[in-house]
1. What are the ³J(HN,Hα) couplings of segment 216-229, residue after residue, when phi is run through the Karplus curve with 6.51, -1.76, 1.60 and θ = phi - 60°? Round to Hz, x for glycine and proline.
2. When you count, for each residue, the other Cβ atoms within 10 Å and take the mean per peptide, how do 46-57, 83-94 rank with the highest first?
3. Would you please put 7-18, 163-174 in order of how densely packed they are, using the mean number of other Cβ atoms within 10 angstrom per residue and starting with the highest?
4. Contour minus end-to-end for residue 274 and residue 16, with contour as 0.36 nm per residue of separation and end-to-end as the Cα-Cα distance?
5. Below 25 Å Cα-Cα, how many Lys pairs turn up in segment 252-375? Only count pairs eight or more apart in sequence, or on different chains, if you could.
6. Show me 128-135, 142-149 ranked by packing, highest mean number of other Cβ atoms within 10 Å first.
7. Determine the principal axes of the Cα atoms in the chain, then give the extent along each, sorted from largest to smallest and rounded to whole angstroms.
8. Between residue 3 and residue 151, with labels modelled 7 Å along Cα→Cβ, what's the label distance in nm to one decimal, could you check?
Amino acid sequence: MKKIQMVDLKGQYEEIKEQVNSSILEVIDSTAFINGPEVQQFQKEMEDYLDVKNVIPCANGTDALQIAMMGLGLKPGDEVITADFTFAATVEVIALLQLTPVLVDVEPDTFNIDPEAIKKAITSKTKAIVPVHLFGQTANMDAILEIAAEHNLYVIEDNAQAIGANYHFKDGKKAKAGVLGHVASTSFFPSKNLGCYGDGGAIFTNDDELAHSIRGIVNHGMYERYHHDVVGVNSRLDSIQAAVLRAKLPKLDSYNKARQEAAKKYSEAFKDQEYIVTPFTQSSADTHVYHQYTLKILNGKRDALVQHLNAKGIPCGVYYPIPLHSQNAYKDERYNESDFPVTNQLVKEVISLPMHTELDDEQINYITSEVIAFVNQ
Ligand SMILES: *Cc1c(COP(=O)(O)O)cnc(C)c1O
């Protein structure tokens, strides 16, 4: 059996090696390292793929979120509602801009932000909601957009984990994650579903005016050379990363399909297990692109299972072990533990199994049989 990896970037590289190597060499040869043609081409190809008017590449997914918030003109003291159960980057940029993060609980089945909890957290200072499409599954955007419209709030999607996922609106329309709200961010960190070979990120929006504002912000607040109209940042996707992304973007759907296939096999193996809850999937399978395949272990054996799998050569992860509202950096007296029953439970139960495009049946069988045997012993 091939050695099991949490993410197998090497196997994926082997298939696109020639193209990637030659385009990286071309970038070096051209010396157009920053904002070269590869970046501009990638931007266009990404716009086509997502069916969005504006893609603005930047340096990473954390910057992308921060810049989206800067572009919207959010001001210190504005409250921004986001999920208690997500990667810290989401809340970090809110705090960094001196906006007030308001963490709310998530749904027990999808792990995504709970619209009912959003409603309860809205005050006269609330300006935006940041749903995270966690682990690759779109949040309940029908409900979130409805709440946002009612209270005149921006919706900023953190789409670092769900690039390529579709969302099916109640009225039958379908659109890609990342073009559902006012603006969205994504990350091209190597292990994401569309990863480059370093750091990278992008902002998506259909709002041309906002896009214009953001294009200046990523470039030191310049709209005209050496005229600095707003305070900006330096956040760029470099041409070598764009070249890698251009090789991978045409394969993104097949990469996500491979993840969905692996997830299906895992879930099939775990389906009659009393103590194992498999990831919830909405009626349409294309709404989840399995950035992570995350189980809930109900009999208190999660931590012991992590130890066991590691000893058996099976990598796994606990995303996320501590709720954000309990982190020293983000504690706030406005929170009560009783506001977060779901997150407080999930941090004890979740475990993510190896998930990538190169998993084979032998590996999946080995992983699932080890998990089942241990949890039931
Ligand atoms: C990875 C990730 C980010 C940050 O992306 P970077 O490119 O690492 O800065 C933000 N939000 C979520 C939910 C992520 O998973």
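1. Once rounded to whole Hz, the list reads x, 4, 5, 10, 6, x, 9, 10, 9, 3, 6, 10, 9, 8.
2. 83-94, 46-57
3. Ranked by mean Cβ neighbours within 10 Å, highest first: 163-174, 7-18.
4. Here the segment from residue 274 to residue 16 would lengthen by 88.7 nm.
5. 21
6. Top of the packing list down: 128-135, 142-149.
7. For the chain, the Cα spread along each principal axis is 68, 55, 42 Å.
8. Reported label-point gap for residue 3 and residue 151 is 4.9 nm.
The values are calculated or read from the model by the stated rules, or taken from the named source; none is laboratory data. What you see is a predicted model; the values in this text were computed from it and never measured. Cβ coordinates were reconstructed from backbone atoms using ideal geometry, including for glycine residues, and neighbour counts include every protein chain displayed. Ligands, DNA and RNA are excluded from the accessible area calculation, which covers all protein heavy atoms including side chains. Shrake-Rupley method; radii C 1.70, N 1.55, O 1.52, S 1.80 Å.
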